[in-house]
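Student: Sharing a structure here in structure tokens format.
The values are calculated or read from the model by the stated rules, or taken from the named source; none is laboratory data. Not measured: the values here are computed from a predicted model. Neighbour counts run over all protein chains shown; Cβ positions are idealised from the backbone, glycine included.
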Amino acid sequence: MSDESTMKIDAKLGLDVFKLDKEPHIVIDTEVCRTLCVDRACLYVCPASLYELDDTGRMTVNWEGCLECGTCMICCDKRALTWKYPRGPYGVQYRMS
Amino acid sequence: MEKVECIVVGGGLAGLSAAYGLADAGVEVMVLERGDYSGAKNVTGGRLYASPIRSFYPELWEEAPFERAVARELVTMLGDGAQTTIEVASDRFTADPPQSYTVLRARFDQWLAEKVGEKGGMVVPNMKVDALLREEGRIIGIRAGEDEIGADVVIVAEGVLRLLSSEAGLAAEPVDRDHALGFKEVIELPPGVIEDRWHLNPGEGAAQLFLGNVTDGMLGGGFLYTNKESISLGVVVGMKAMRERAEKAKPQDASESYQLLDRFKALPQIRPLVAGGTVAEYSAHAIPEGGIAAVPKLAGDGYLMAGDAAGLALNALITVRGMDFAIASGYYAAEAVKAAKARADFSAAGLAGYEASLRGSFVLKDLQTASQIPAFMENPRLFTHYPRAVSRLLEQIYTVGPGPTPGLFKTAWGGIRRDFMNTGTVKDAWSARRI
Ligand SMILES: Cc1cc2nc3c(=O)[nH]c(=O)nc-3n(C[C@H](O)[C@H](O)[C@H](O)COP(=O)(O)OP(=O)(O)OC[C@H]3O[C@@H](n4cnc5c(N)ncnc54)[C@H](O)[C@@H]3O)c2cc1C
């Protein structure tokens, strides 16, 4: 917990309760990202800052911290994402919001 | 295949409201909710307008776990260094009964799920529906993992992303133009501090919206709602505007949407409002903002759509509504299913009363009244020029410098001519006549 006005995004996600699945609920077709996409809207729109380019320039997503808002899926006009809700008992579990 | 009379997909406010009405009438109803409990996946601002829904299930609202009755309405226009707040307080906002309340969904939705249970409805948590079953164009049940469950009618209350209904061809996939992203922090503060900061009597609440220097010129704004022992502080930003921004961004621009909230919180005007608070939760959710033009077909053979899944939400700049629409559409869905059951006809024709009653109610009437708002809000000047111009004008009126001060009228008129009387603003005023 913190009263810093600008907490790090990781610290904010650390406040939330997540039940982690073993399999990802977001799968990226990195070939589509590499060959078709220049805007990389996912990097901007994700409110949990989960998208990242790795050292080789490949798009990755840290799906474990996903807030399940679906914004990346809606904004990915190249349709590179297979996006589902996590399975039954998994994913973020809000206690307030 | 096991079969029940009615399956409700999604135990949010729309689904639970439908289930409550059905269980109360003795219809066999099963709500399937993917979260650990109702409310675990749900996010709102938020404030629930109770007046529109009070006549549905009147016994419920007496004991509902509301946070605070909203007594003060504030809208703040944030310019560069100057801000203007309009604060409206009315005895009638909180007269018995109050027109609106702040809520936190984890508490609120769990309570409503309990009420459904008390009426004999079944709410099954941790149960994600994987598909709607379709046979010859008719929805006949659902699949969840290995299990298939049949139903006379399925109420689709799966929320804004419509993953199941778009897959089954009942509605279009969500598009950026019709949606916004909302994200917020719940910040704990002692009740006394909240009441001091917003000038509230004990138990009363405030709703504050922010326009201008929040969204970097993109469609959207900030919101702040006072709960009992916390505030909900967040940002809403249009998805299309975000995507266009990403298109135009220079490669070295590493900014990300989540930083909008951090920058908002760090503004000198906002800092004192959150000072001393402890962030307790961070959440994000999509919001339907396409208005009536984005509402899909509401019913067909064997199914009804309710709440956000049906696009029933309205952002009218200073009033934000979705929860009351969700509860109302759930209520009318239950009414329609009861009528269909009485005639043993769950076809599109048998369920047609649903759309008719939504059309006759505030739900589709208010969405119709607001039909021009989504287009009106695409005007970026609303989020840049006007908040700045209003604040600049008032700042000048209140400024006494070292030299002689021009007369009030001259200052005001000069500011109005400068910022409010050009072709752009005249055009805006003209288009505003339809909202
Ligand atoms: C940031 C923000 C601010 C808002 N502010 C306000 C406000 O101040 N006032 C207001 O009235 N409205 C506001 N809204 C809108 C309001 O919150 C929504 O309109 C409302 O929550 C819609 O209720 P619903 O029941 O239709 O959907 P939801 O509450 O989203 O419920 C859908 C449910 O379905 C479940 N579900 C989804 N898929 C499946 C599946 N496959 N299997 C099983 N379960 C599933 C979900 O877990 C969820 O519980 C705001 C929204 C946001 C995001």
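Student: Counting only residues that are farther than 15 Å from B:ALA284 by Cα and part of a helix (DSSP H, G or I), how many does segment A:12-21 have?
Tutor: Let us first name the residues in segment A:12-21 that are farther than 15 Å from B:ALA284 by Cα, namely A:19-21.
Within this subset, residues satisfying the condition of being part of a helix (DSSP H, G or I) are none.
Number of matching residues: 0.
Student: Right, here's the next one. Exactly one condition in (1) away from chain A (no Cβ under 13 Å); (2) free of Cβ contacts under 8 Å to residues at least 40 places away in the same chain; (3) among the basic types (Lys, Arg) is false for B:ARG197; which is it?
Tutor: Looking at each condition in turn, B:ARG197 falls short on (2).
Student: Being outside the structural domain of B:ALA309 (by TED's automatic domain parsing) and either hydrophobic (A, V, I, L, M, F, W, C) or under 23 Å from B:ALA336 (Cα atoms) (or both) is the requirement here; does B:PHE183 meet it? Please lay out each step first, then the result.
Tutor: Details: outside the structural domain of B:ALA309 (by TED's automatic domain parsing): yes; either hydrophobic (A, V, I, L, M, F, W, C) or under 23 Å from B:ALA336 (Cα atoms) (or both): yes.
Taking the combined requirement at face value, the residue satisfies it.
Student: Could you go through segment B:347-354 and let me know if any residue there is within 30 Å of B:ILE155 (Cα to Cα), of a type outside the set (Ser, Thr, Tyr), within 14 Å of chain A (Cβ to nearest Cβ) and more than 12 Å from the ligand (Cβ to nearest atom).
Tutor: No, because not a single residue in segment B:347-354 is within 30 Å of B:ILE155 (Cα to Cα), of a type outside the set (Ser, Thr, Tyr), within 14 Å of chain A (Cβ to nearest Cβ) and more than 12 Å from the ligand (Cβ to nearest atom).
Student: Follow-up question, since we're still on this one. Scan segment B:266-282 residue by residue and report those that are of a type outside the set (A, V, I, L, M), without any contact (Cβ under 8 Å) to a residue 60 or more places away in the chain and facing chain A (nearest Cβ under 7 Å).
Tutor: Passing the criteria: only B:ARG271.
Student: Could you list all residues from segment B:334-369 that are over 24 Å from B:ARG321 (Cβ atoms) and free of Cβ contacts under 8 Å to residues at least 40 places away in the same chain?
Tutor: Matches in segment B:334-369: B:ALA339, B:ALA342, B:ARG343, B:ALA344, B:ASP345, B:ALA349, B:GLY350.
Student: If you don't mind, there's one more thing I want to ask. Of the conditions (1) closer than 26 Å to B:THR44 by Cα; (2) out of contact with any strand residue (DSSP E or B) (no Cβ under 9 Å at 6 or more places or on another chain); (3) surrounded by 15 or more Cβ atoms within 10 Å (Cβ to Cβ), A:LYS8 clears all except one; give me its number.
Tutor: (3)
Student: In this structure, does B:ALA131 turn out to be within 15 Å of the ligand (Cβ to nearest atom) and either β-branched (Val, Ile, Thr) or within 14 Å of chain A (Cβ to nearest Cβ) (or both)? Full working, then the answer.
Tutor: Values: within 15 Å of the ligand (Cβ to nearest atom): yes; either β-branched (Val, Ile, Thr) or within 14 Å of chain A (Cβ to nearest Cβ) (or both): yes.
For B:ALA131, the condition - within 15 Å of the ligand (Cβ to nearest atom) and either β-branched (Val, Ile, Thr) or within 14 Å of chain A (Cβ to nearest Cβ) (or both) - is met.
Okay, residues lined up against (1) within 26 Å of A:ALA11 (Cα to Cα); (2) free of Cβ contacts under 8 Å to residues at least 12 places away in the same chain; (3) surrounded by fewer than 24 Cβ atoms within 10 Å (Cβ to Cβ); (4) within 9 Å of another protein chain (Cβ to nearest Cβ):
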position: B:ASP216; (1), (2), (3), (4): yes, no, yes, no
position: B:GLY222; (1), (2), (3), (4): yes, no, no, no
position: B:LYS228; (1), (2), (3), (4): yes, no, yes, no
position: B:SER232; (1), (2), (3), (4): yes, no, no, yes
position: B:ARG245; (1), (2), (3), (4): no, no, yes, yes
position: B:GLY307; (1), (2), (3), (4): no, no, no, no
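Student: Follow-up. Can you find a residue that is buried (at least 24 other Cβ atoms within 10 Å of the Cβ) and facing chain A (nearest Cβ under 10 Å) anywhere in segment B:146-158? Show your work before the answer.
Tutor: Initially, segment B:146-158 is screened for residues buried (at least 24 other Cβ atoms within 10 Å of the Cβ), giving B:151, B:153-158.
Filter once more, keeping what is facing chain A (nearest Cβ under 10 Å): B:158.
Checked segment B:146-158: at least one residue is buried (at least 24 other Cβ atoms within 10 Å of the Cβ) and facing chain A (nearest Cβ under 10 Å).
Student: Take the residues in segment B:152-173 that are within 14 Å of the ligand (Cβ to nearest atom), in contact (Cβ under 8 Å) with a residue 40 or more places away in the chain and more than 16 Å from B:GLY12 (Cβ to Cβ); name whichever of them is nearest to the chain's Cα centre (by Cα).
Tutor: Quick first cut of segment B:152-173, residues within 14 Å of the ligand (Cβ to nearest atom) only: B:154-168, B:170-171.
Of the ones still in play, those that are also in contact (Cβ under 8 Å) with a residue 40 or more places away in the chain are B:154-162, B:164-165, B:170-171.
From the residues that got through so far, the ones that are more than 16 Å from B:GLY12 (Cβ to Cβ) too are B:170-171.
Values: B:LEU170: 23, B:ALA171: 20 Å.
By that ranking, first place goes to B:ALA171.
Student: Among (1) among the acidic types (Asp, Glu); (2) within 14 Å of the ligand (Cβ to nearest atom); (3) under 26 Å from B:TYR303 (Cα atoms), which single condition is B:GLU2 missing?
Tutor: (2)
Student: Pick out the one residue from B:ALA50, B:ALA25, B:ALA19 that is of a type outside the set (Asp, Glu), farther than 28 Å from B:VAL214 by Cα, within 14 Å of the ligand (Cβ to nearest atom) and surrounded by fewer than 24 Cβ atoms within 10 Å (Cβ to Cβ). Full working, then the answer.
Tutor: Details: B:ALA25 fails: within 14 Å of the ligand (Cβ to nearest atom); B:ALA19 fails: surrounded by fewer than 24 Cβ atoms within 10 Å (Cβ to Cβ).
Going through B:ALA50, B:ALA25, B:ALA19 in turn, the sole match is B:ALA50.
Student: May I pose another question? Can you name every residue in segment B:167-183 that is in a loop (DSSP other than H, G, I, E, B) and facing chain A (nearest Cβ under 9 Å)?
Tutor: Within segment B:167-183, the subset in a loop (DSSP other than H, G, I, E, B) is B:168-175.
Matches in segment B:167-183: B:GLU173, B:PRO174, B:VAL175.
Student: Something else about it: Does B:ALA275 meet the test of being among the aliphatic types (A, V, I, L, M) and surrounded by fewer than 22 Cβ atoms within 10 Å (Cβ to Cβ)?
Tutor: Working: among the aliphatic types (A, V, I, L, M): yes; surrounded by fewer than 22 Cβ atoms within 10 Å (Cβ to Cβ): yes.
It is true that B:ALA275 is among the aliphatic types (A, V, I, L, M) and surrounded by fewer than 22 Cβ atoms within 10 Å (Cβ to Cβ).
Student: Provide a single number: the residues in segment B:354-366 that are of a type outside the set (Ser, Thr, Tyr) and either closer than 23 Å to B:HIS285 by Cβ or buried (at least 18 other Cβ atoms within 10 Å of the Cβ) (or both). If you could, list the steps in order and put the result at the bottom.
Tutor: As a first pass, look at segment B:354-366 and keep what is of a type outside the set (Ser, Thr, Tyr): B:355-356, B:358-360, B:362-366.
Those left that are additionally either closer than 23 Å to B:HIS285 by Cβ or buried (at least 18 other Cβ atoms within 10 Å of the Cβ) (or both): B:355, B:358, B:363-364, B:366.
Residues flagged as of a type outside the set (Ser, Thr, Tyr) and either closer than 23 Å to B:HIS285 by Cβ or buried (at least 18 other Cβ atoms within 10 Å of the Cβ) (or both) within segment B:354-366 amount to 5.
Student: Failed condition for B:LEU164, given (1) assigned to a helix (DSSP H, G or I); (2) farther than 21 Å from B:GLU33 by Cα, with all others met?
Tutor: Checking B:LEU164 against (1) assigned to a helix (DSSP H, G or I); (2) farther than 21 Å from B:GLU33 by Cα, the one that fails is (2).
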